[in-house]
Amino acid sequence: MRLADVRPVHVADVVVEGEPWPGHLHVIEHPDGRILVDTGMIDSTPELDEEWRPRIYPERIPRDVSLVVNTHLHFDHCGGNRLFAGLPIYVQRAEREAAREPGYTIPEWVEFHGARYVELDGEAGIAPGVRVLPTPGHTPGHQSVLVETEDGLVVVAGDVAYRWGDFDVAGGAILDLEPRRIWLAHETEPRDA
Ligand SMILES: [Zn+2]
C-alpha cells in the first residue's frame, strides 16, 4: 500500500455553533479487500436534525468492502453501519458498552439485525499491515487505525481531535509513532510529516 491508498470520503456536514463541519469516513485500499473506517450517516432523526442540521451524502459511502472499523460509535461515525450487516465490524468493547448509555448515540444504528461486531480489548491486528490502537479521550473506547504503507505509517485518528490545532495535546500517543500522515474525521486535509 502507498500513502494514497488511505483516503477520505466526505460523507456529511453538520452545523456546530453556526459553522458547517465536514465529516469524513476513510477508505483503506487493502490488497486483501477494502477496509472502511467509520461509516458516516444514511439517514437522520428529528432530534439530530434539530441539534446538528446534518446534510448527508450516503451515495458516497463505498459498499464494496471486506471489513469495517468504527473509531467510535457517535452517530456521525456509525450511521452507515446498517449497510454492512453480516460483515465484521471492529470496535473496542469499551466503546460498545459506552454506546449503551442513554443519549450516547442512536442505539438502533449500532444494534441492528445482522450486526456482527468484533469486540476488541486494546491493540489488535485486523489485517496484514493494519492494526488498531486504543486512543481514549473523546470517548471511552475510541480507537485509531494504523496502516503500514511503503511510504510510512498512516494513522486514521477519527475524533482524537476535531481540529489540527488541538491535536498536539490529544494525539501524543499517535505522534510518538512518528507517522508519515495522520487523518482526522472532521478535517479535510491530512497532517503530513
Ligand atoms: Zn465523536
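The values are calculated or read from the model by the stated rules, or taken from the named source; none is laboratory data. All values reported here derive from a predicted model rather than from experimental measurement. When we count neighbours, we look across all protein chains shown, and the Cβ atoms used for this are built from the backbone with ideal geometry, even at glycine. Areas reflect the complete protein model, heavy atoms only, side chains present, ligands, DNA and RNA absent. Shrake-Rupley method; radii C 1.70, N 1.55, O 1.52, S 1.80 Å.
A few remarks follow.
- Selection status of Val9, in contact with a Lys or Arg (Cβ under 6 Å, 6 or more places away or on another chain), more than 16 Å from the ligand (Cβ to nearest atom) and either at pLDDT 95 or above or not in a strand (DSSP E or B) (or both): yes
- Residue in region 13-30 that is away from the ligand (no atom under 16 Å from the Cβ) and in a helix (DSSP H, G or I) present: no
- The lone exception for Pro102 - which of (1) at pLDDT 95 or above; (2) away from the ligand (no atom under 16 Å from the Cβ); (3) over 19 Å from Ala157 (Cβ atoms) it fails: (1)
- Residue list for region 146-184, filter: within 15 Å of the ligand (Cβ to nearest atom) and within 26 Å of Gly33 (Cβ to Cβ): Val156, Ala157, Gly158, Asp159, Val160, Trp183, Leu184
- All told, Glu119 meets the bar of being charged (D, E, K, R) and out of contact with any His (no Cβ under 8 Å at 6 or more places or on another chain).
Residue by residue, here is whether (1) more than 16 Å from the ligand (Cβ to nearest atom); (2) touching a strand residue (DSSP E or B) at 6+ places or on another chain (Cβ under 6 Å) holds:
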| site | (1), (2) |
| --- | --- |
| Tyr57 | yes, yes |
| Val69 | no, yes |
| His74 | no, no |
| Ile126 | yes, yes |
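- Contacts under 9 angstrom Cβ, first residue in region 153-174 being among the hydroxyl-bearing types (Ser, Thr, Tyr), partner open to solvent by less than 60 Å² (accessible area, probe 1.4 Å), 6 or more apart: Tyr162/Val16; Tyr162/Trp21; Tyr162/His138; Tyr162/Leu184; Tyr162/Ala185; Tyr162/His186; Tyr162/Glu187
- Arg116 being free of Cβ contacts under 8 Å to residues at least 60 places away in the same chain, away from the ligand (no atom under 16 Å from the Cβ) and not small (Gly, Ala, Ser): yes
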